[in-house]
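Written below as structure tokens is the structure these notes are about.
Throughout, read-outs are computed from the coordinates displayed, never taken from laboratory work. Bear in mind that the values here come from a model prediction, so they are computed numbers and not experimental data. Ideal geometry is used to build each Cβ from the backbone, glycine not excepted, and the neighbour counts take in all protein chains shown.
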Amino acid sequence: MKSALLAAGTAVAATLAAGTALAEFPQRPLNIVVPFNAGGGTDLLMRAFAPHFEEALGGSVFVSNMAGGSGTVAASALAGQRADGHQLGYWSITIATIQPQINDVPYGVDSWTPICAVAASPTMFFVADNSPFQSMDDVVEAVRAEPGRYLYGSSGPGAITHLSMVAAFAGLGLSDHVRHLPFQGSGPAMQGMAAGTIQFFGDTELLMQGGDLRPLMVFNDERLEAHPDLPTAREVGVEAPLDELYLWGGLFAPAGLDDAVRDQLSDACGAAVASDGFQEFGARTGTVLDFMDAATFDAFFRAQYAANATLIEASGL
């Protein structure tokens, strides 16, 4: 009986301690690590997000920059740190699911507690606006008829622009029929598209704003409301897991974060994303804001990690 009472008392104390810890969170300012230099798109996104996150959380939030290694320097530094919720990183699909599968870095799928997704845009298969290809059927017919003639571009090996094309042609059974020409960034790739050096390119809807590109399909689970006539990759013949590919970013904490703290952070993130000020930022910059709570984002992240393993194998990275 004495042992039972002692155990019960210990359990109550633990519960009270957990409640106290949550009530006191945050205990100090939160740091959101941006894995790129100040002034870039990711940095501007988080600096616009931070004040609204801070207001919803009821504590101070600041943004710091740690560039290098295509984002892996920051992620490597944060992985394995104390999981108390005060150190968060904003990782993209590439940093979180691709780099750890192609490079020797000290983190992987189980290194993180996903907090929330902030932005997510499905990728699209593009041709030049003046291209003779009017549908993916046209592309398949031409590529199959003349293996080796057609090239797709990317902003670099392993980038989302590269993997979207790998997903398209691997999913259609045409990987050996096309060639990859990597560029030093999307800008030079667009110049190559305009010059006719490359015929195909993959990126998000934002690329359409210039008016020089035309999408033929979207890597999404359903047709987009803004483009109801644009078929999904699945409709064209690309099977799972290659049929969905998104350019996304979200907040991560080191693995082992208390569930109550995780949920508090996730709720604050949702409020920040929904805030008028941040929505105005998204509309002004063309950023597709897409909140996922912690549980949803965790499942999404793990599914993306597994799907991208298939993509990486198909790409030969």
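Rounded, prolate or oblate: pick one for region 180-317, where a ≥ b ≥ c are the square roots of the eigenvalues of its C-alpha gyration tensor, a/c under 1.5 means rounded, and failing that, prolate if a/b is larger than b/c, else oblate.
Details: a/c = 1.93, a/b = 1.49, b/c = 1.30.
Prolate, since a/c reaches 1.5 and a/b exceeds b/c.
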Here, GluC sites (Glu not before Pro) of region 207-300 satisfying both criteria (DSSP loop; at most 15 other Cβ within 10 Å) are E222, E225, E239
For I115, what residues show an amide H to amide H distance below 5 Å, using hydrogens built from the backbone and excluding near sequence neighbours? L251, F252, A253
Between region 161-184 and region 93-146, the alpha-carbon center distance in angstrom: 10
Looking at region 122-236 from every direction and averaging, what is the projected area of its Cα convex hull in nm²? 6.4
Per residue of region 130-143, what does 6.51 cos²θ - 1.76 cosθ + 1.60 with θ = phi - 60° give for ³J(HN,Hα)? Whole Hz please, x for Gly and Pro, Karplus curve as stated. 9, 5, x, 6, 9, 7, 5, 4, 4, 4, 4, 4, 5, 5
Among M193, L207, V218, which residue has its Cα furthest toward the positive end of the charge dipole of region 173-222, with +1 on Lys/Arg Cβ and -1 on Asp/Glu Cβ? M193
Would you tally the net charge around S164, using a Cβ to Cβ cut-off of less than 13 Å, leaving S164 out, and scoring K and R as +1, D and E as -1? -4
Sorted by chain and then number, the residues having a modelled amide H within less than 5 Å of the amide H of D290, at least 5 places away or on another chain, are A119, A120
For region 158-224, build the convex hull from the C-alpha positions and give me its volume per residue in Å³. 101
In terms of modelled amide H atoms, which long-range or inter-chain residues lie less than 5 Å from the amide H of T204? M124
How much of the DSSP beta bridge set in the chain is antiparallel, as a percent to the nearest 5? 65
Roughly speaking, what is the centre-to-centre gap between region 203-251 and region 35-85 when only Cα atoms are used, to the nearest Å? 28
So what are the three principal axis dimensions of the chain from its Cα atoms, in whole Å, longest to shortest? 81, 43, 36
Mean Cβ-within-10 Å packing, highest first, puts peptides 199-206, 256-263, 88-95, 29-36 in the order 88-95, 199-206, 29-36, 256-263
Give the percent of DSSP beta bridges with both residues in region 122-236 that are antiparallel, rounded to the nearest 5. 60
Explain nothing, just compute: Karplus ³J(HN,Hα) = 6.51 cos²θ - 1.76 cosθ + 1.60, θ = phi - 60°, for every residue of region 270-275 in order, whole Hz, x for Gly and Pro. x, 5, 5, 5, 7, 4
